[in-house]
Ligand SMILES: [Mg+2]
């Protein structure tokens, strides 16, 4: 299936999705996060395990900078009008899909590196956001 057809199918299904983040979805997110951390570690991005140890402000800066780098790549693709163009890797993804995947992978890696239960944090924040007023009280 082409990336454009895939996107059209996904957006037509979004209104049917339950808004509740389930416990099993929390487990899936955390499982993915641990895998993303392990892959990054296998590729030399984590020379030593920092789990359970104090994390330096410099190390946090690296995590944040790498995450920001992926966000910037998404922005650059948008600026160049290439969001729906094929990415430059030998994989079947648009630039938007590739960069959003990179952002998610970096985010999950960062969460494990900072000892954050990302799945639970998403559930708690999503539940809170659903309780907030329209536009979270901001005027459009
Ligand atoms: Mg990227």
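The values are calculated or read from the model by the stated rules, or taken from the named source; none is laboratory data. The structure displayed is predicted, hence computed values, not measured ones. When we count neighbours, we look across all protein chains shown, and the Cβ atoms used for this are built from the backbone with ideal geometry, even at glycine.
For segment 90-103, enumerate the residues that are free of Cβ contacts under 8 Å to residues at least 24 places away in the same chain, over 9 Å from residue 74 (Cα atoms) and more than 9 Å from the ligand (Cβ to nearest atom).
Scanning segment 90-103 gives 90, 91.
Which one is modelled with the lowest pLDDT, of the residues in segment 59-82 that are closer than 18 Å to residue 41 by Cα and more than 13 Å from the ligand (Cβ to nearest atom)?
59
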